[in-house]
2 protein chains.
Amino acid sequence: MKLITRDTDYAIRALCCMAKSDNELVSVSDLCNKLRIPRPFLRKILQILNKKKILRSIKGQNGGFKLNISSRRITLFSLIVAFQGNFKFNECTFKKSVCPEIKKCKIRKKINKIERYVVKQLKNISILSLVAERG
Amino acid sequence: MKLITRDTDYAIRALCCMAKSDNELVSVSDLCNKLRIPRPFLRKILQILNKKKILRSIKGQNGGFKLNISSRRITLFSLIVAFQGNFKFNECTFKKSVCPEIKKCKIRKKINKIERYVVKQLKNISILSLVAERG
DNA sequence: TTTAAAGATACCATATTAGTATCATTTGTC
DNA sequence: GACAAATGATACTAATATGGTATCTTTAAA
Ligand code: FES
Ligand code: FES
């Protein structure tokens, strides 16, 4: 049950890298040399981050990407949502047909409680916190 | 990032059902009538639970399944592991090649901390706790 | 001996994940 | 203006995981 898929993971690394390089413009080529991520895959990932307004892109020669918002405001939660869609540990297996059998579905209740905790934690992990020397 | 997949979920329900029916022998037919789970799929699931010694099976006419251990000792954690393999929120994306770049891999550290909490919680949710009237 | 159960295994369909490939567009440089 | 080097957009593909079926064997009660 991967919490973080490959693309999310690469995104995190790329963003960390960009945050560390003092928000200069970086090209995909530079990044994938540093991070050893397959180039076309990384391109796709950065394009998504651009659409989500997390990165800003500049086209043309000497173009590239840079952070569009502060690294403090980019959280693991938002990245997971960006690449993996809505955060949901468990959906209702049966759509209202059998659920009532197990009164008020304790499974869901308990799982949701755990989920709320995890979401809270993930919202608290920012790119800044990942590149900071201590923490 | 589903924490609980369909088979695990069905297993939970089946076990809850068996725990509630005072540990009588139940056949797959009975169970899938009650729970509206596709029969051959439920069979496969119960066979797995049998191999994991969570259920005990009795072959032949009037055969079926029953709990092999106390419902208090069957945890969500053990069921997730049984059906979904080792519990791991995140694996190392790069096998030692780039990891060191991000010192001591804070991503992993932070994710693992969350994971430890979740595992602890899941070990604390037993089938008994799911069928109990209050809790 | 028939029948109704589980055991074992192989197969199949769909969805998700992890990418590639290609072509169009933009922009700095000569 | 032509070219090169970058991103934008989009379609395609391969591998794996998920959610099942199908089928045949074995067991044991009636
Ligand atoms: S199965 Fe539907 S809410 Fe629990
Ligand atoms: S990527 Fe390998 S431990 Fe972090």
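No value in this document is a laboratory result; all are computed from the given coordinates. Keep in mind that this is a model prediction, so the values were computed, not measured. All Cβ positions, glycine included, derive from the backbone under ideal geometry; neighbour counts span all protein chains shown.
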How many angstrom lie between the C-alpha centres of the range B:70-88 and the range A:1-66? 37 Å
Would you work out the charge dipole size for the protein assembly as shown about its Cα centre, treating the Cβ of every Lys and Arg as +1 and the Cβ of every Asp and Glu as -1, and quote it to the nearest 20 debye? 280 debye
Work the Kirkwood hydrodynamic radius out for chain B: mean of 1/r over every pair of different alpha-carbon atoms, inverted, in Å. 16.6 Å
Tell me the mean residue ellipticity at 222 nm calculated for chain B from its helices only (DSSP H runs of n ≥ 4, each -39500 (n - 2.57), averaged over every residue, nearest 500). -15500 deg cm²/dmol
Averaged over A:84-91, how many beta carbons belonging to a partner chain fall within 10 Å of each residue's beta carbon? 3
Report, in debye and to the nearest 20, how large the dipole of chain B comes out about its Cα centre when Lys and Arg carry +1 and Asp and Glu carry -1 on their Cβ. 720 debye
Along the charge dipole of the protein assembly as shown, pointing to its positive end and built from +1/-1 on Cβ of Lys, Arg, Asp and Glu, which listed residue (A:Phe83, B:Leu130, A:Pro38) has its Cα farthest out? B:Leu130
Compute the Rg to Rh ratio over the protein assembly as shown from the alpha carbon atoms, using the Kirkwood formula for Rh, and round to two decimal places. 1.09
In a solvent-free Debye calculation with one equal scatterer on each Cα, what is log10 I(q)/I(0) for the range A:1-55 at q = 0.21, 0.25, 0.27 Å⁻¹, listed in the order of the q values? -0.75, -1.05, -1.20
